[in-house]
Structures are given as structure tokens and as C-alpha cells.
Amino acid sequence: MNIIADHGKDLEWARQLRDLVDTRGDAVAAGEIDRAAAALEADCFVLAVLGKAKRGKSTLLNALLGRRDDAVAPIDKLPASSAISRIRWAEAEQATVAFRDGRRENIPFSRIRHYVTEEYNKENFKGVDALEISGPFSGLDHDLELVDTPGAGSIHEHHDAILHAFIPLADAVIFLVSARMPLDQDELELLHEVQAADVDKIFFVINRVDESSEQDVEDAIAHNIQLLQQIGVHVEKFHRISAKKAFQGDLEGSGVAALMAEIGQFLAHNKGRVLAERFQSRIRAAVQPVCQALAVQITSSRKTASELETELAKLREQKRAIESDRCLVEREFGLAWTRAADAYEQAVRQAKGIISSDLAKKISGTPQLDVTKLAKQLPTILRSSLDDELIPIAKRFEESARQACEKLQIAYPELSMGDFGEVVVRTNAGTTAITGSVGGVAAAATGIGLAAAGSAAATSIAAANAVALAATTTVAAPSVISGVLSVIPQLSILAPLATGSATVACPAAVTAMPLWVAMAGPVGWTLAGIGVLAVPFSWRVSKLRLKDKLAEATDEHIKTVFCQILEDKITAIRRMEKGILEEVRIGLDRQLGQIESAIVSAKDHRPTDEELKRLTGMAERLHGLLAGGSAPKAASSLLD
Amino acid sequence: MHDQDSHDLTRIVDSLLMLVHEASEYQAEPEVRAILKEAVRALVGARRRLAVAADRYIVAVVGLTNVGKSTLLNALLGLELAPRRNGPCTAAPIEFTFGNELCVTVCYRGSLSRPSWRCEDVEAVHEKLTSLAADTAGRTSLALQQISVKAPVPLLGNGLVIADTPGFGAAQLGEDAGSHESALKSYLQNEISQVFWVVLAEQGIGKREKNFCDEFFADVCDDVIVTGAEDWEANDRQRFRQRYADAFGNRMPRFHFVSGLKGAEARRAKDAEALEAAGIPMLESRIRELADPAGRLAAVQNSLHQLAEDLTFWLARFRDRQRQPLRVWWRPDSWARWRATLSNHPLHKRLTEQLQVTE
């Protein structure tokens, strides 16, 4: 197989595309093509070692590199790695720290741990983006880049954010689990993320097999395979290794040699294909918006000033139409939300009555002799009856709230790009073109249509970039609405993993999403409030009056609890409706505004004939190139 | 004698709880309210311990699946009962109580009958537990609620119960999803006096398990048992504490570094020195301290003083920061009521002095 020649063709293809993009001065797309091309030109396959914290990722990495010390990938008894380290072969040792703010600094190997460990770089206060390390590592193929990653699911939140940003850049993954512990929810979620990033090849590796009996390892593997099968991951083989033994020098006995052989085999047969696929998908994702903008510009330039005037009028008219349409959707949402809140409130009030009367009955029906005992049990009884009544009610409400959000998302007018660069609005009534096409320039610029037209890789790269910009903040404080809406599809995918309540099953980033939290948290939030309010029951009053006292205290307690739910929580829930609508509305208004101003400016700055000719030529070439490149999944629909 | 003490202490905690709770409703500043609410939470925790102090005192050993809870219990109790890893395990807690003869009793959910088996030796107990797990695996209709094991172990005197709880955290799919955890949650919330949280030294503490702790047992957990720490130097142990200290905020538990495996071996070999090295006796004495009714009361008293001190310190600092010379912290009628209850009790006197400073 002639790998180099294949890449040569791809690179030439990308270079031509880049030249074209360059003439338009689109720095973002050009930069992305450059990076993708550089990665392909280096003919370097990115293999990332992923796993939960403390599974032995760095140890394995050192062993794969053939290192005898842990200078390159520091190891510690506590969770160590806190940053991405990209490791490649070179004749001379070199380590470069790339900081978030763009600075780069060369450091000796002995100082690597000062940048990539939680111990020395707590909460990443040094602002490290990644470490690039190269050296004459004996175990490393020259065209393989190994990547060490922070562990998932540790108490260090920013590690998960870093992982999330990096995963789409991997070509294949070594997924490391431990024989010591069964697969857990965090690991399934990590795997889910790998799949979402379109990474096809996963080497499943089970570490620390030397520390458990043969039978235990056997059981663990069978258990893991069965579990993975259930979420649709078919595992051909679990490599058994002892990273520690390998690090100490025993590659054969540790099973790492066999793993390396398998990786080598895979690379020999598939490297070119996988790299080319990932490269093309990256390039197409980068060029897509340029094509759209160009096509749009050409169509708009062909129009006369009066035609543009008409288009503008049409847009304004459509805006009014959208306005009424979205008013309807908003009102429907408001109604659904209010209904859910009403039903919730009513159910809570009913529950209050039921609990009050149940407990009153219980207290009055208790024989005088058993009253002391009842007094002791009462807090528990009260709590469990609150649980029994309130949790199903809360669940029902959460479900209706989720459905309302989902419906809002589906029914709300959405702008996208049509096949000819015109802006299309999709509403309940159907799809209408709202501008001829000039608005498309703005539309492309605001990112409309990218998600619709781009491949899965495009969206994940876009998402990853966004996260990389502000690794921790993105996870910590997303906006309410984007939170809600983006949670939903993930939830439905993860539903089979749910361990009782939806929130438990959310991936790390999603758990931090605020709607359910703002709504006073996951199912069971009722308990939280009640614990705080638990007012003592066992006042030692005379036996005769104890019953009355108990009834009184119980009543008081129930009143307080429900008062809090009815006044604080439900009020907050009712307010939430406005917040969600406001964000959706602002989003659409901003897009429409930008399109309108784009049409206005196209009207004012008309391209000359010569310019137009140039643009047309460029579009034709781009079209040709995109259609001509070996065509995988992300074919361009726009210019066909 | 001790009943009287416990009775008085209960009354003091109750009336303090009312005082603070009413103050938290009475104060207008959100910041002050929040602090008072936190104090209420602490008091509720103290109250929860006192409520069970008189009867049974259950220390639950809680942790992720496979961190070595059962091994640790082997080391503590000297019983070889740990089930096989990855094999079927019960979703029910196993309570160990004192009895002159070995005996296994089983409660099923929603059933009156409680079958019980007398066992000749520890081996037989182990077999019984294994077969119970195998019998009930996957049969939700026959839900085991609880298993009790009576054993002649001196540590279990004084009404102390040590409970081995099902591990949480392992991925579960299908119909069973969450069944283990929900059973565990209800047990932790309703019956437990004290939690020993077992974590594995080499795994550290993960986000998910910390959340689980916060949600279900943070208020009754003062001890984190770090197992598998046999080769950890003092320096490493210190770093472990520091690394996870942030996660606990101001409710820092004690960390005990032990080796369940080495301890169980030493117990078998009757090697006192090795047992000591594994940290087991230290843990035993901590359990005895908790199990001793007088010690428990003393612990609650201490925590009340600590709370009163922290609270007055915070309130005074808040007052100084606001530059308001005089502030009324307590609702006057609550304060009067507090003054009236058990005012002769030495603990009450001291607490009153402490809390009065802010008046």
C-alpha cells in the first residue's frame, strides 16, 4: 500500500482548497486546514490513552515509550496528570509547554512534572494548554503520537473539561480499565464520549491483572464485555496487561508487548485509511462555511439593487410572520410549563393533605402505651411518607418540564441554509425561504447552517474549540437554555444507563447543567429541605399530653416543609419559564438582525463585474475540488 | 445514670435546635440565615445520633464496589466472610451483632417471617451468605431487606452493630439499574448512626463517590478509612489528606490509613504486631469509643461546644464587619425559652455563656 502517495493526493487537494480559501482572507478556515495538513503531513497517528483516574495511564505510557523513569509522564500515588501531553519521536529530547494564552516555552524533561501534574500545577493555575514532548523514545514508532490524558471522574472538575476538548482530536484510543474494579458509570460515559467523537478504533485494555487471581480477571473481563455489549459496544478483545511490570522492564510477561504488536498491526493496515478519513472530514468541516458564504455572495451580487430592495422587504415581512408564529410557540410553551407547574402545585397540596391526615390518624390511633415509641419513630415515618408522596410528583413534573423544553426546541422557528445559499426558516407550518440569499453571507458568518450541513466531526470540533477556549468555565456555567436543550438528546441516549434518576446518568459536563439543579435539583431534592427543617419530636412532656404535642409538632413540621416547596421552589420554577423563552428569543433576533444588516450592506457595496467573475471562478473551483476529493461521508450538499 | 445524661442532653440539643432554627427564620440577612441553617444541619446530625444512642448503635461500612469493605471487616471481626469478587453479591446490608453462637437471620421485604440458621462455624456462615446471594441474584420479587449475623466477637458488645453495606458505583444496566443503590440509600438514611467511609488509597476519592457521600451520609461520617495503604509513607498520607481536604470543606473527617488485607492475614496468624502495623487496633479503639455510650455522649457534648464557639465567632465577625455595635441574634422569646430549659445543667450553662456573648 502506498501510503505516502495517498496522502500526497490528499495534501495537494487540501493545499488547493487552502489557496482558494486564502484569497478570501478567511483566516479561521485557513488555519484549520493548515493544522489538519500539518498533522497529516507529519503522517502522524494520534493514539490517546484514556481511562478513569488512577487506572495506570501514565504508567502504561511510560512503558510504551520504553522509559525507565517517569519524567515524561509523571506518576504519583495520587491522581497525577492534569494536562494533555502529546508525545512523539525525535532525535533530540525536547519538551514545549503550550500555554492557553498562546505563549510557548521550552523546558527540560526534569521540569515536565511542574506543568502537567495536579501536585505542582493545582487547578491548572499556570494556564497550560498542552505539552508537546519529543525524544528518542525506543518504543515509539516515528509516525505515532501517543497522548497522555488526565483521568476522568476525579474530584478535579477541570480534568473532565480538558478531556472533553481533546477527545475529538484522537485518531484511535487505548481505553484502560482496571481488573481491580468493575466498570463504572464514569467509564461508560467516557466511552460514550469517544463514540460521539466518531473515533472508530478502541483498544480495550485491562490493567493490573497481576494483582488479582486468574479467576477474578476472567470474571471481570466477562462482566465488562457483557456490560459493554448492552450499550452496543462490541469488544473483540480485552488485552490483559500489567503496566507496572512493563514499566519495570518486563514487556513480554506484562502483556504490553502483545498490545504493542496489535497496535503495530493495526497501524500497518489501517493507518493511512484512518488518517485520510479523519483528515478529509476535518478539511470539509473547515471549508464548508466558506463555500456557503461564497455561493451566497455570488447569487446576491447577480441581483440588481431593486431586487435586493425586494429581498429586504421580503425579509421584513417574513420577520413579522415569524413573529406571530413564534408567539404561538412561546405561548404553547408557556402554557405547557404553567400547566406542569400548576399540576405540580396541586399535587403537592394534595400530598400535604394526605400526609397530614395519615399522620394524624396514626398518632391518634396509637395506644397510649406506645406513644413514646411512636415519638421516636415519627421523624423516620414522616420522612418516608414525604418521600413516598413527593418523589413521584417531582418526577412527573420534571418529565413534563423536559417535554415542554423539547417541544419548544422542535417547534421554535429555526434558521438554516438552503441548497442555494438562501436562508430558510423552518417553522411548524413548514419550511420557507425568507431571503433570497444575501442574508446567507451573514447567516454563514453567524454559524447558521454549519451544524446542519457539517459532518459529525464538524460539530464536535466546533464544540471542542469552544471548550478549549475556556476549559473550566464552559463546564461550570453554561447558559440555562443551551444547557437544557443540549442535555435532552444526550439524556435519551444515556437513558439505558440511568441508575435510578436521570441526573446520575448525565455525563460530567451535563451534570453541571443548571436547569434541573435550578429547579432544586434531581429527584430527591425534597429530602434535602426536610433534613434541614427536622424539628425535634421527642420533647419529654407528660405522657397524657404527649400525643397532642406530637400531633401539633407534626402538623407544624409538615406545614413548614410544604410552605417551603410551595413558596420558594414552585415560585422559582414559574419564573424559569420566562428565562428560557427570553434566551431562545434573543438568539433568533440576533440572527435575523445580522441577516438584515448583511442585505443592507450588500445593497450598498455592489461588486464590480470583474470581481463577480473572480468569485464565480473561485466557487466553481471550490465546488470542483470538494466534489473531486475522495468522497467520504461529509459530502457537500451545498454546491451539488 | 447514663439514661439521665442522655435524656438531658437530648433536651438541650432539642431546645438549642429550636433556638437556632427560629433565629434562622428570624434573621433578615441572607448570609446570617445561611450560617444559621448550617448550624441547624449540624444540630440535626447530633440529634440523629442521640436518637439512636440509647438503643442500637449501627456503624455502617460504606464504599465503592471492590474497595475492600469485606476484607476490612474480616480484619476487624476476625471472621472469614468476604464473598468472591465479581461473583453475585447481595443488595442487602449485613449487620453483625453480638451473640454467643453463630447465627444468620434474614429479613425479606414485605414479609413477616424471618428465617434463621444456626451455624457451626464461620465456614458455614460464609456458605450460607454465598448461597443467599446466589438465590436472590436477579430475583426482585424475593428482595432481601437485611441479613443479620450474630457472632461471639467482643468488639460487638454494648449494643454496637457493624454493618457491611453493598458497594455502590459499579455500572448497572437493565432492569436492575439503581436497585442496589436505592436499597443502600434508604438504609443509610433511616437506620445508621455512624458511617465509616472506605476508600482505596490508590484510587483516591472520585467525584461520583463524593457526591454520593454528600447526598446520603456526610452528616454522620467523621471517619474515612483509607485501605490498601500498607506501603504509604507518612508523607504520602499527608499529601492524600491535603489533596482531598478541599472537597470536604469545613467538615473534615479523620483519615485512618489501614491495610485490610494485611490486617486479615495478621488476624489469621494471630500476629499482634502485624495487626498493629496494619492499623487495625487503632480502628478498633475508634469503634469502641463510638460504641461506648458515655463516649458518644461526650462526643456530642464536644461537638455542641465546638458549634457554639464557631457560631459565636462567625456572628461576632459578621457584626464587626457590618460595623453595627449591637445586634440581636436570637429571637427574644426563643432565648427566654432556651434560658428556662434545664438551666442548672452544666452543659447548658456553658452553652449559654458561649451564645450570650453575641447578645
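Could you give the Stokes-Einstein D for the stretch B:177-313 in µm² per second, using the C-alpha Kirkwood radius, 20 °C, 1.002 mPa s? Provide the component values of the computation, followed by the final result.
Details: Rh = 16.8 Å.
The estimated diffusion coefficient comes to 128 µm²/s.
Counting only other chain Cβ atoms within 10 Å of each residue's Cβ, the peptide A:181-190 averages 5. Mean projected area of the convex hull spanned by the Cα atoms of chain B, taken over all viewing directions: 20.9 nm². Among the trypsin sites (Lys or Arg not before Pro) found in the stretch B:243-311, those both in a DSSP coil and sparsely packed, with 16 or fewer other Cβ atoms within 10 Å of their Cβ, are B:R251, B:K270.
Partner shielding of B:208-218 amounts to 3, given as the average count of beta-carbon atoms from other chains within 10 Å of each residue beta-carbon.
Assuming 0.36 nm per residue, please report the length gained on full extension of the stretch B:D310 to B:E120 beyond their Cα-Cα distance.
Details: separation 190, 0.36 × 190 = 68.40 nm, distance 5.32 nm.
Contour length minus Cα-Cα distance gives 63.1 nm.
Just to be sure I understand the rule: take each whole DSSP H helix in chain B, project its Cα atoms onto its long axis, keep it if the span is 30 Å or more and its mean Kyte-Doolittle hydropathy is at least 0.0. Which ones pass? Once both thresholds are applied, what remains is B:30-53. Note: relative contact order over the stretch A:1-138, using C-alpha pairs below 8 Å and six or more positions apart, is 22 percent.
Please give the peptides B:276-283, A:346-353 ranked by average Cβ packing (other Cβ atoms within 10 Å per residue), highest first, as a rough proxy for protection.
So the peptides B:276-283, A:346-353, ranked by packing, come out B:276-283, A:346-353.
State the dimensionless ratio Rg/Rh of the stretch A:46-114 (Rg: radius of gyration of Cα atoms; Rh: Kirkwood radius). Using only Cα positions, Rg/Rh for the stretch A:46-114 is 0.94. Among the chymotrypsin sites (Phe, Trp or Tyr not before Pro) in the stretch A:328-393, none sits in a DSSP loop with a Cβ that has at most 13 other Cβ atoms within 10 Å. Checking the Cα-Cα distances for A:K57/B:K185; A:K352/A:K395; A:K549/B:K185; A:K77/B:K262; A:K244/B:K262 against a 23 Å cut-off, the pairs over it are A:K57/B:K185; A:K549/B:K185. Taken over the alpha carbons of the stretch A:12-54 as equal point scatterers, the Debye sum produces base-10 log I(q)/I(0) values at 0.26 Å⁻¹ of -0.87.
Calculate the mean, over all residues of peptide A:222-231, of how many other protein chain Cβ atoms lie within 10 angstrom of the residue's Cβ.
Working: counts 1, 3, 2, 0, 1, 5, 2, 1, 3, 2.
Per residue, the average neighbour count from other chains is 2.
With R₀ set to 25 Å, the beta-carbon distance separating A:A92 from A:A258 gives a calculated FRET efficiency near 0.20. Ellipsoid fit via the Cα gyration tensor, the stretch A:1-80: semi-axes of 38, 17, 9 Å, each the root of five times an eigenvalue, largest first. Over the stretch A:102-183, the ratio between the Cα radius of gyration and 2.2 N^0.38 Å evaluates to 1.24.
For chain B, what does -39500 (n - 2.57) per DSSP helix run (n ≥ 4), summed and divided by total residues, give at 222 nm, in deg cm²/dmol to the nearest 500? Walk me through the intermediate numbers first.
Values: 13 runs with 189 residues, N = 359.
One gets -17000 deg cm²/dmol as the mean residue ellipticity at 222 nm.
Rg and Dmax over the alpha-carbon atoms of the stretch B:238-329 stand at 20.5, 67 Å.
Just the number, please: percent antiparallel of the DSSP beta bridges in chain B, rounded to the nearest 5. Could you put the intermediate results ahead of the total?
Details: 12 of 38 bridges.
The antiparallel proportion sits near 30 percent.
None of the figures in this text is laboratory data; all of them are computed from the coordinates on show. All of these numbers come straight from a predicted model, not from anything done at the bench. All Cβ positions, even for glycine, are placed from backbone atoms using ideal geometry, and neighbour counts span all protein chains on display.
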